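Bear in mind that the values in this text are calculations on the coordinates, not laboratory data. Fair warning: this is a prediction, and the values are worked out from it, not measured in the lab. Because the Cβ atoms are built from the backbone with ideal geometry, glycine has one as well, and the counts that use them run over all protein chains shown.
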Amino acid sequence: MSKLNIASVRIGAIVGAVAARVEVTQSEPPPSYTEADLLEDMLLAARHASSPADAAVLEATNGIGTARTRSEGIIDLIRNKSLVRETRTVGGRPTTVVVLTEAGRKLEAALPPELKSVGLTAKWEMLCRRIERGEVTAENFLVVIRKFVAAVVADAKKRKASGRVATTPARVRQN
């Protein structure tokens, strides 16, 4: 019997199986996040970047936001009931963790992927660096942000009107 070259298989093709087995396992839930874990992930956001260029920018700028704005962001998410604090047993001891609420899940699902991407932060940080070097004006930066926000809002209105939940990222040139 010859081996199947997976590269030659086309979508919709029918292939035979020689053997199969069922393996019963139990998955582990994802680890609980403490506020310190979230702050660390925001600081080390480069490890979540989808491109080396975005990772380099995020490393150079110490991740997303500043120490103060990272903390304020988490507090705002708790205040608007997107996150809640819960006491759970982690590693055999009681620990306060932050948990996404139903409202938080709905908000996360409604946001376009680009708004949830550390890549957007990297792009905006890069534009800020270009402002510092005198290559771009602050006004140009605000124009880019306004266009981006307008495109996201327009997309959200279209999705709402059509009853779609899935999002398509708005693409705005980020000179």
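A few remarks follow.
- Between Gly163, Thr96, Val57, the Cα set farthest toward the positive side of the dipole of the chain (charges on each charged residue's Cβ, about the Cα centre) is that of Gly163.
- Per-residue extension of 0.36 nm, minus the Cα-Cα distance of Lys106 and Ile11, leaves a gain of 30.9 nm for this segment.
- Reachable lysines, given that their alpha-carbon falls under 27 Å from the alpha-carbon of Lys123 and they are not under 8 places away in the same chain: Lys106, Lys147, Lys157, Lys158
- Counting all C-alpha pairs of the chain, share separated by more than 19 Å (%): 72
- Charge dipole of the chain about the Cα centre (unit charges at C-beta), most positive-ward option of Val136, Val152, Leu44: Val152
- GluC sites (Glu not before Pro) within region 66-137, DSSP loop, no more than 11 other Cβ atoms inside 10 Å: Glu135
- Extension gain (nm, one decimal) between Arg159 and Glu72, 0.36 nm per residue minus Cα-Cα: 28.3 nm
- One quarter of the surface of the convex hull around the alpha-carbon atoms of region 32-97 equals 5.1 nm², the direction-averaged projected area.
- Computed over the chain, the per-residue total of -39500 (n - 2.57) for DSSP H runs of n ≥ 4 gives a 222 nm mean residue ellipticity of -14500 deg cm²/dmol, rounded to 500.
- Charging the Cβ of each Asp and Glu at -1 and of each Lys and Arg at +1, and nothing else, the dipole of the chain about its Cα centre rounds to 780 debye.
- Helical segments meeting 24 Å axial Cα length and Kyte-Doolittle -0.5 threshold in the chain (DSSP H): 138-162
- Inter-label distance, nm, simple model (7 Å from Cα along the C-beta direction), Ala150/Thr34: 4.6
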